[in-house]
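Here the structure is laid out as structure tokens; the discussion comes afterwards.
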Amino acid sequence: MKKHIPTQLVVGLGILVIGSGIVGGEYLLVKWYPAHQANVVSETLKLIPYKDDGLGVDMQVAAGIDQKVDISPGEVRIYSPRLFSTDPSITLTSQPNPDQSSEFTPQILAIWETDGATHSLPRYEFNHIQINGRDAVLIWQSVNRHMVLTTRIISPDRIIEAKCTAGGGDENLYMQACEDSVKTIKVAGPPSQPPEGLEATPSSPVSLPH
């Protein structure tokens, strides 16, 4: 004669298993996941030195972006390959500065500042700052549904442009990685005269436009 497992025992075991699952899930949510997220942010934003004598650039690049480097004449692309989405990347270019000026002209600054409104560019934001003693601008905008930060830095010898995209990953995290990276750029050559009344690069991050 077959013995039947008591219904109360089955129910009790089911409750025990479900309860254990709930407790384990709560542990993951409360203990493990926040620590994991903090570690992801820390590892993504960790800065790694990069130097290119040809472009005249010395900087530090966030580890979440600095996985591979493609070098072509006049251009360097630093990126982290993604299989199913757009790569987060920084593309650096350099061009001569024939005027040998240390500052962008008021006319070009005015154009860049108003481009967003003039051309109805989505999520456009402009900031005129200094980066390591050089006159610079930061321009945020959405391009093909991805946020892009364009940085231009002028020195008497050259003008450096760094175009950084968050790609298809965590937008806020990778735009922070972009900003942290471009604000470390040092441009080779003679020192610039700081523009009068222009504040140094702010230590706090600029808020991402919405």
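The values are calculated or read from the model by the stated rules, or taken from the named source; none is laboratory data. Predicted model only: the values in this text are computed from it and were never measured. No Cβ is skipped: glycine too gets one built from the backbone with ideal geometry, and neighbour counts run over all protein chains shown.
Brief remarks on what is shown
- Some residue of the stretch 75-89 being in a strand (DSSP E or B), under 16 Å from the mean Cα position of the chain (by Cα), of a type outside the set (S, T, N, Q) and farther than 19 Å from THR151 by Cβ: no
- Of all residues in the stretch 162-210 being among the small types (Gly, Ala, Ser), surrounded by fewer than 16 Cβ atoms within 10 Å (Cβ to Cβ) and modelled with pLDDT of 50 or more, the one that is nearest to LEU92 (Cα to Cα): GLY189
- Here LEU121 fulfils each of the conditions (1) touching a helix residue (DSSP H, G or I) at 6+ places or on another chain (Cβ under 8 Å); (2) among the aliphatic types (A, V, I, L, M); (3) outside any loop (DSSP other than H, G, I, E, B) apart from (3).
- TRP140 being under 15 Å from THR165 (Cβ atoms) and of a type in the set (Phe, Trp, Tyr): yes
- Residues of the stretch 92-141 satisfying the condition of being on the phi > 0 side of the Ramachandran plot and either touching a Phe, Trp or Tyr at 6+ places or on another chain (Cβ under 7 Å) or among the polar types (S, T, N, Q) (or both): GLN100, SER120, ARG123, ASN132
So that you can scan it fast, the table gives a plain yes or no per residue for (1) closer than 30 Å to ASP157 by Cβ; (2) among the basic types (Lys, Arg); (3) at pLDDT below 95:
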position: VAL10; (1), (2), (3): no, no, yes
position: LEU13; (1), (2), (3): no, no, yes
position: ALA35; (1), (2), (3): no, no, yes
position: GLY54; (1), (2), (3): yes, no, yes
position: THR93; (1), (2), (3): yes, no, no
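- Inside the stretch 132-171, residues that are part of a loop (DSSP other than H, G, I, E, B) and not aliphatic (A, V, I, L, M) make up a count of 11.
- Filter pass, VAL69 being under 20 Å from LEU149 (Cα atoms), in a strand (DSSP E or B), without any contact (Cβ under 8 Å) to a residue 24 or more places away in the chain and not hydroxyl-bearing (Ser, Thr, Tyr): yes
- All of (1) outside any strand (DSSP E or B); (2) out of contact with any Pro (no Cβ under 9 Å at 6 or more places or on another chain) hold for ASP180 with one exception: (2).
- Filter result for the condition that a residue is without any contact (Cβ under 8 Å) to a residue 40 or more places away in the chain, buried (at least 17 other Cβ atoms within 10 Å of the Cβ) and either touching a Leu at 6+ places or on another chain (Cβ under 9 Å) or not hydroxyl-bearing (Ser, Thr, Tyr) (or both), over LEU121, LEU138, LEU109, LEU149: LEU149
- Filter pass, SER94 being over 15 Å from the mean Cα position of the chain (by Cα), part of a loop (DSSP other than H, G, I, E, B) and of a type outside the set (Asp, Glu): no
- Among (1) under 21 Å from GLY169 (Cα atoms); (2) aliphatic (A, V, I, L, M); (3) modelled with pLDDT under 95, the one test that ILE71 misses: (1)
- On inspection, ASP157 fails the criterion of being within 15 Å of the chain's Cα centre (by Cα), of a type in the set (D, E, K, R) and farther than 19 Å from ARG77 by Cβ.
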